[in-house]
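The values are calculated or read from the model by the stated rules, or taken from the named source; none is laboratory data. Source: prediction; values computed, not measured. Cβ sites come from the backbone with ideal geometry, for glycine too, and all protein chains shown count toward neighbours.
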Amino acid sequence: MRLAFERHPGPDAGPVLLLLHGFLSSRAQWTPNIKSLCDVCCPVTVELWGHGRSPAPAEATYYTAAGYVEAFELVRQAIGVDSWFVCGQSFSVGLIARYALRHPEVIRGQILTNSLSAFSPPTRYGSDSERELQAKIIEAEGLPAIERFKFHPRYAKRFPVEIKQAMLADSARLSPQGIANAIRYTRPELSIVAEFEKTVVPTLIVNGQRERGFQPLLEGARSLLPSLKAVNLDGGHSINIEAASGFNEAATQFLTVNCKSARQ
C-alpha cells in the first residue's frame, strides 16, 4: 500500500521536493506554491493516510512515525530519485523532521512551517484515553465529527476563495477511520523536541509571525539547533497560503542555495 502522490513538471535537471500537507488538508494546500516552485524543482505532493486520495489502512503501524518514514521512502523509490528535498506543513512537520533524522542520506534539506505539535511536548494533545475517546467519536459520527475540529478548512478565514473551495471539496474525501487512527497513533509521535538537536540536514522554518503561540516554540527550536534558518513572514499558521509569495521566495532561495552547496 502506498501514499497517493502527484509529481509536477519542473526543470529537467532540477531537484525533487516532497510536499506534505497538514491535518484535515490535502494536496490542495500547495496550490498557491506549485507554479512558482516548478521554476526551480519538481514538486511532489503527497497525501497523508485517510486524506485526499490516499487509502486509510486499518493497521496501526501505517500511522506511526516509523510507518510514515517507510511510506516516504516508498514514494521516493517509486519516483526513482536517490535524494530529494522535503517540506512539511503543521501536523506533518514532526513526520518530515523525523524522516530527516532517520534517513539524512537521502534528504538534501528540509523546509518546515509553524507546528505546535512538532515543537511542543508529546503530552500537548492529551492522554491515550482522551485520544481514544476522540477517535471513537469520529468513528461513530463520521464526517460531522471531523467538521467540528477548529482547524477544518471550513473555518479558514484568510484563504483565497478558490483554495478554500478546493480544500473543502477534498475534505469530503476524509476517511473517519483514517482520521481516528491519526489521532490514536500519529499524534502522540509528532513531537520532535527530544531529537531535533540531532538534525544534520539543512533546515529552514518559514514562520507565520501572527501565530503568537508558535513564536516561543520557534525560539526553543533555535536553541536546540543553532544551524536552523528561519524566515519570518506576515501571516499565521498556514503561512504557505497566507503569505504565498513570501513562502515561495524563501523556499526558492533555500533550494537554490543548497543545490549549489551540494555541487561544491
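Within region 117-150, take every residue that is over 26 Å from G236 (Cβ atoms) and aliphatic (A, V, I, L, M) and give me the one that is surrounded by the fewest Cβ atoms within 10 Å (Cβ to Cβ).
A140
Within region 187-216, how many residues turn out to be surrounded by fewer than 19 Cβ atoms within 10 Å (Cβ to Cβ) and either on the phi > 0 side of the Ramachandran plot or in a helix (DSSP H, G or I) (or both)?
Of the residues in that region, 7 qualify.
Would you confirm whether or not region 231-239 contains a residue that is part of a strand (DSSP E or B), in contact (Cβ under 8 Å) with a residue 12 or more places away in the chain and among the charged types (D, E, K, R)? Spell out the reasoning first.
Start the filter on region 231-239 by keeping residues that are part of a strand (DSSP E or B), which leaves 231-233.
Applying the additional criterion that residues be in contact (Cβ under 8 Å) with a residue 12 or more places away in the chain yields 231-233.
If we keep only those that are among the charged types (D, E, K, R) too, we end up with none.
Looking through region 231-239, none of the residues is part of a strand (DSSP E or B), in contact (Cβ under 8 Å) with a residue 12 or more places away in the chain and among the charged types (D, E, K, R).
Restricted to region 151-161, and to residues that are free of Cβ contacts under 8 Å to residues at least 60 places away in the same chain and of a type outside the set (A, V, I, L, M, F, W, C), which residue is farthest from G236 (Cα to Cα)? Step through it out loud before you land on a result.
Keep residues of region 151-161 that are free of Cβ contacts under 8 Å to residues at least 60 places away in the same chain, which gives 154-155, 157, 161.
If we keep only those that are of a type outside the set (A, V, I, L, M, F, W, C) as well, we get 154-155, 157.
Numbers: R154: 16, Y155: 14, K157: 11 Å.
If we take residues in region 151-161 being free of Cβ contacts under 8 Å to residues at least 60 places away in the same chain and of a type outside the set (A, V, I, L, M, F, W, C), then R154 is farthest from G236 (Cα to Cα).
Among the candidates V93, V69, V75, single out the residue that is more than 14 Å from the chain's Cα centre (by Cα), outside any strand (DSSP E or B) and not acidic (D, E). Steps first, answer last, please.
Details: V93 fails: more than 14 Å from the chain's Cα centre (by Cα); V69 fails: more than 14 Å from the chain's Cα centre (by Cα).
Selected residue: V75, the only one of V93, V69, V75 that is more than 14 Å from the chain's Cα centre (by Cα), outside any strand (DSSP E or B) and not acidic (D, E).
Find the residue count for region 1-44, including only residues that are under 14 Å from the mean Cα position of the chain (by Cα), in a loop (DSSP other than H, G, I, E, B) and not hydroxyl-bearing (S, T, Y).
5
Just to be sure I understand, how many residues within region 102-132 are in contact with a Gly (Cβ under 9 Å, 6 or more places away or on another chain) and either assigned to a helix (DSSP H, G or I) or of a type in the set (V, I, T) (or both)?
Counting residues in region 102-132 that are in contact with a Gly (Cβ under 9 Å, 6 or more places away or on another chain) and either assigned to a helix (DSSP H, G or I) or of a type in the set (V, I, T) (or both) gives 6.
Identify, from the list R158, R173, the residue that is modelled with pLDDT of 95 or more, surrounded by fewer than 21 Cβ atoms within 10 Å (Cβ to Cβ) and in a loop (DSSP other than H, G, I, E, B).
Numbers: R158 fails: modelled with pLDDT of 95 or more.
Just a single option satisfies the conditions, and that option is R173.
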